Amino acid sequence: MSKRRVQSVDGEKELKEVSKQDDTDIPRGKGNSSLRPTQKPGSGASRQDVILGTIMGITLPLSLLAMWYITIPLLGYCTASLLGAETVETLFYVKEDMMSYLTSECPLWIAAKERAYLENRSDQEIRRVTNITQQEFIDIVKQGEPIVISDALKDWESFGLFNCEYFMDKYPEAEYFDWQGQKQLTLGNITHREGFKGMDCASGYMDMNWESNDKYVKEWLSKMKLPYFYPEDTIMESAFNYIKGNKSPPMTGFLGVPGTGVSPHIDETCENFMTVQLSGVKNWSLSWPVREGDKLQWSKPLVVTLYPGEALMWYVSMRHHTEVIQDCSLSFSFTLKHPPPKDYYERLIQDFKRVEKSERDKLYMDTGVADIDFIDTCNLFETQGNVYIT
């Protein structure tokens, strides 16, 4: 038995006996918890609580710093020692690719390893120029310097007219190769691709050699012209004299929406490249082989944003990638033999001669080049006082 002092009805205090059995009827919460009530408000923390809180406030940040700067690196070092650094790096990239695959709205088009390569970019910037003379342009190209001409399309009828919507409405029977679906589609059917809604993840190229496109090429080119800075009397087998009778104009069209692009690669051709941006905004990266002693490696990529109305000049054996960042992008790339990047090309060949051929092969194989010896087919030649590359 236990005794409790309770207040009687008339206000007098009296003792009542309560059995232990009655004591169990007092509500204690779910499961008859034995936890004590929380401290009454205003009672204040004990001296021990203050000391404990201070210790935790000091040691917890120190523990986190130790884990971040000592434990994790040490764990990584031990793992790399056991499995090998390359294996650990590969596993990291596999994990990143899996996360991208699971979270990306569009199919994975660039691997984590290639993305890491792009993030290690050069501090240098690609120059932007306007109102350049033909001689200035020739001198720039001779050095093999990538350059953006911001007013390249200032007198093109197609600039301000050609865009994705215009092409899809005006030329619905023209075809492009859809990179996501890995098949040719008419432009009129882009919005009806299986597994996609509307223009979501649309990305691909238009080959001028296809019969479906060849019938439109002259009309497209009639709204373009040789840029004002290009020496007209030295052009040879270019897209701009296709109208005069040449077949298979050396040009390719590209169409894509934001979030799509092309991973770093090399085009196995010898000519110069001029890419014109007609609509949308696209990021580019460019790098090229550089020799370090008896080894070859890719230079740190130069990254530039190409806006509508601009043209980008780039050259043989340049590794490049593109990524649409704003609006639907419509662009065309032209291959041109003149003026040649003479100084750049000769330096490139000299560097290749000073290393083992296996070094060059490895460099190109890393980019997935099908013909690792394509550079051996390139030559500079002179005719009528002009030098060409082919």
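The values are calculated or read from the model by the stated rules, or taken from the named source; none is laboratory data. None of these values were measured; they are calculated from a predicted model. Cβ placement follows ideal geometry from the backbone for every residue including glycine, while neighbour counts extend to all protein chains displayed. Side chains are part of the model used for accessible areas, which takes the heavy atoms of the whole protein and leaves out ligands, DNA and RNA. Shrake-Rupley method; radii C 1.70, N 1.55, O 1.52, S 1.80 Å.
So how much accessible area does GLU165 have, in Å² to the nearest 10, using a 1.4 Å probe?
Counting only protein heavy atoms, the figure is 130 Å².
Could you order LEU185, LEU65, LEU255 so the one with the most accessible surface comes first? Probe is 1.4 Å. Please report the intermediate quantities before stating the final value.
Working: LEU185 30, LEU65 95, LEU255 5 Å².
Order by accessible area, largest first: LEU65, LEU185, LEU255.
Suppose R0 equals 41 Å; then what is the FRET efficiency for THR305 and SER46 from their Cβ-Cβ distance, rounded to the nearest 0.05? Let's see the in-between values first.
Working: r = 62 Å, r/R0 = 1.50.
After rounding, the FRET efficiency stands at 0.10.
On a 1.4 Å probe surface of the protein chains, which of LEU64, LEU363 comes out largest in accessible area, and what is the full order?
LEU64, LEU363
Can you give the accessible area of GLU271, probe radius 1.4 Å, in Å² rounded to 10?
Approximately 30 Å² of GLU271 is accessible to the 1.4 Å probe.
Ranked from the most accessible area to the least, with a 1.4 Å probe and all protein chains present, what is the order of GLU382, GLU105?
Values: GLU382 130, GLU105 175 Å².
Ranked from most to least accessible, the order is GLU105, GLU382.
Once the piece of chain linking LYS225 and ASP169 is laid out straight, how much longer is it, given 0.36 nm per residue of separation minus the C-alpha distance between them? Can you show the working numbers first?
On the way: separation 56, 0.36 × 56 = 20.16 nm, distance 2.32 nm.
Extra length from LYS225 to ASP169 when fully extended: 17.8 nm.
Using the charge dipole of the range 272-333 (Lys, Arg: +1 at Cβ; Asp, Glu: -1 at Cβ; taken about the Cα centre), state which of ALA311, TRP298, MET274 has its Cα farthest towards the positive end.
TRP298
For an R0 of 30 angstrom, estimate the FRET efficiency from the Cβ-Cβ distance between TRP210 and GLU268 and round to the nearest 0.05.
Given R0 = 30 Å and the Cβ-Cβ separation, E is 0.90.
Expressed as a whole number of Å, what is the distance separating the alpha-carbon centroids of the range 188-229 and the range 250-307?
One Cα centre to the other: 20 Å.
Report MET224's accessible area, 1.4 Å probe, all protein chains in place, as a number in Å² to the nearest 10.
Here the residue's solvent-accessible area equals roughly 10 Å².
Just the number please: accessible area per residue for the range 317-371, 1.4 Å probe, all protein chains included, in Å².
Computed with neighbouring chains in place, this is 43 Å² per residue.
Contour minus end-to-end for MET56 and VAL129, with contour as 0.36 nm per residue of separation and end-to-end as the Cα-Cα distance?
Roughly 20.3 nm would be gained on extension.
Give me the count of lysine pairs in the range 245-390 whose alpha carbons sit under 24 angstrom apart, restricted to pairs 8 or more positions apart or on different chains.
Close lysine pairs under the 24 Å cut-off: 14.
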